[in-house]
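See structure below.
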Amino acid sequence: MRQLSEADRDAIRLAQDPNFARWLEQITATGGCAHPVHLSGSTTTRDAITGEILHHYDTRDEPAERLSVRCRNRRATVCAPCSRLHAGDTFHLVRAGLLGGKTVPATVRERPRLFVTLTAPSFGFVHRAGDRCRPRRDGGACAHGRPLGCGAVHAPADCLVGQPLCADCYDYPAHALWHAHAGKLWDRFVIGVRRHLASAAGLPQSGFRDHARLSFARVAEYQKRAAVHVHAVVRLDGPTGPDDEPPAWGTADRMADAVRASAQRVVVRTPFSPAVGELALHWGTQVDAHPLCSGGGGPDDQAVAAYVAKYVTKGASETGAGTDHRLTTRDDIDAAPLTDHVRTLMRTCWRLGGLPEYAPLRLRAWAHTLGYRGHILTKSRAYSTTYATLRADRAEHVGHDHVPGTVAEAGWRYVGSGHTPGAALIASGIAEDLARNRELAREEFRGAGGDAV
Ligand SMILES: [Zn+2]
Ligand SMILES: [Zn+2]
Ligand SMILES: [Zn+2]
């Protein structure tokens, strides 16, 4: 026994427990979640009139008198099984907004729909992969004596890619403040799209709402230079939403024009700061607005949904542009295993976050994501179904659905989280098995002529 690791010995202890089979069921129900949440409590369902108990569930009958539920973390580095589930839910959510399904009518596939990419502007020259990096015939040096060009050809994995040619020339405050205002830039951009569509149709700008409704789902992606890109699916419906026909003037081409015009014109001004001044923030010049073929079901729609889903499991840390956890002191920045470029961005967030004029931006709380606040995926209300609906479809909740004519009493409390070393070993084995089964099912589905999902 001395040769066995602590985790192995713990796993053997668990397997010898008389409640092991039920415990294994619980862990399997969480998909092998790496950090399950343990709950204690009960649910009682009674007949509303007679008071007769129809169903009773109590964790007192469970192993360790508790029920384990998923952590539901979307990050692959935190919990692989839950992040896979979240990516799957996102795929279905985005796909339903393009093709219908779940709670969305199939007619959405006939609506004008675009796949839009908006970029951050340049904050200074960075090394690029692919062709020659930044060739300059006349050479030249910046005020800090560093070359203005780079004649090298960098492989994509080259650690120089995304790093500035001169860190002293690079505008770190603008980069951090742009991230901090990216949500506002998006909101203004959407307002601008509505306005451009309204005026193209000869409507007063305030009249848009009476004729059409713009819905979207967007996802943020960190690039090599540690700046966020935004990818979005945008759809035009009639005024009441997905069930409603859009007006005849609402074509995909007109939408694409409105997207480009709005992205070019949106400006957000930062609050004045004695240290930084007042910045006028814009989107980058690289804007893409790609109409998706109507009728749906084409490779476009599937690919777009899969593309968006892929990004929701990747935060700042997976792309090397930040960390999983909030920073509590400035020293955390020096300790994080990151490039100098990302560390400088974090220090900039920390420094600007200490200035009263930027207090509402909470730059220190968001230094770990380089000032970018908010969710990786954001959607407008009418775009598609919700994560909650998708979870309810899986019946992934504690207790039971409400049945008319019954009353339910429930009381739950948090009693802990995480696994012992042996439980973690077993859970990761279950997660691997489930992933392998899913992969096999997918291959069989493809073999049978199904769409690759
Ligand atoms: Zn989990
Ligand atoms: Zn270079
Ligand atoms: Zn310089």
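Every number here is computed from the coordinates shown, using simple stated rules; none is lab data. All values reported here derive from a predicted model rather than from experimental measurement. So basically every Cβ, Gly included, is an ideal-geometry build from the backbone, and we count neighbours across all protein chains shown.
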Spin-label pair ALA21/ALA167, simplified geometry with 7 Å Cα→Cβ offset, distance in nm: 6.1
Value of D in µm² per second that Stokes-Einstein yields for the range 239-384, Kirkwood Rh from Cα pairs, at 37 °C (0.692 mPa s): 175
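Starting from the Cα coordinates of the chain, work out the convex hull volume and express it per residue in Å³.
Value for the chain: 230 Å³ per residue.
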Rel. contact order, % - alpha carbon contacts under 8 angstrom, at least six apart, the chain: 26
Local electrostatic count, ALA34, Cβ distance below 11 Å [Lys/Arg +1, Asp/Glu -1]: +2
Full-stretch length increase - THR420, ASP131 - with 0.36 nm per residue and alpha-carbon distance subtracted: 99.0 nm
Hydrodynamic radius (Kirkwood) for the range 127-215, which is based on Cα pairs only, to one decimal in Å: 17.0
Mean projected area (nm²) of the alpha-carbon convex hull when the range 73-183 is viewed from all directions: 11.4
Convex hull volume per residue in cubic angstrom - Cα atoms of the range 60-121: 139
Dipole magnitude of the chain, debye to nearest 20 (Cβ charges: Lys/Arg +1, Asp/Glu -1, about Cα centre): 1500
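Assign unit charges at the C-beta atoms only (+1 for Lys and Arg, -1 for Asp and Glu), then state the dipole size of the range 1-61 relative to its Cα centre in Debye, rounded to the nearest 20.
Working: 6 positive and 9 negative charges, 40 e Å.
With Lys and Arg at +1 and Asp and Glu at -1, about 200 debye.
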Spatially near lysine pairs across the chain, Cα under 17 Å, sequence gap of 8 or more or different chains: 5
Three-way shape call for the range 174-319 based on the alpha-carbon gyration tensor, with the a/c threshold at 1.5: oblate
Residue among PRO18, PRO112, GLY97 farthest towards the positive dipole end of the range 1-160, charges placed on Cβ: PRO112
Sites THR339 and SER428, calculated FRET efficiency, Cβ-Cβ separation with R0 30 Å, nearest 0.05: 0.50
Selection from HIS154, SER199, ALA176 lying farthest towards where the dipole of the range 130-207 points positive, charges on Cβ: SER199
Ratio of the Cα radius of gyration of the range 328-432 to 2.2 N^0.38 Å, where N counts its residues: 1.68
About the Cα centre, charge dipole magnitude for the range 34-155 (Lys/Arg +1, Asp/Glu -1 at Cβ), debye: 1060
Added length on full extension, which subtracts the Cα-Cα distance from 0.36 nm per residue, GLN205 to ALA155: 13.2 nm
Distance in nm between pseudo-label sites at SER42 and ARG442 (7 Å out along the Cβ direction from Cα): 4.4
Cα→Cβ-extended label distance, 7 Å offset, between ARG146 and SER273, nm: 2.0
The range 102-143-the range 155-175 distance, computed between alpha-carbon centres (Å): 16
Long-range tail of P(r) for the range 1-114 (Cα pairs > 26 Å, %): 50
20 Å cut-off, amide nitrogen to a point 7 angstrom out along ALA410 Cα→Cβ, residues in the range 60-77: 60-63, 65-73
Dipole of the chain, positive direction: furthest Cα of LEU214, LEU85, LEU390, with charges on the beta-carbon: LEU214
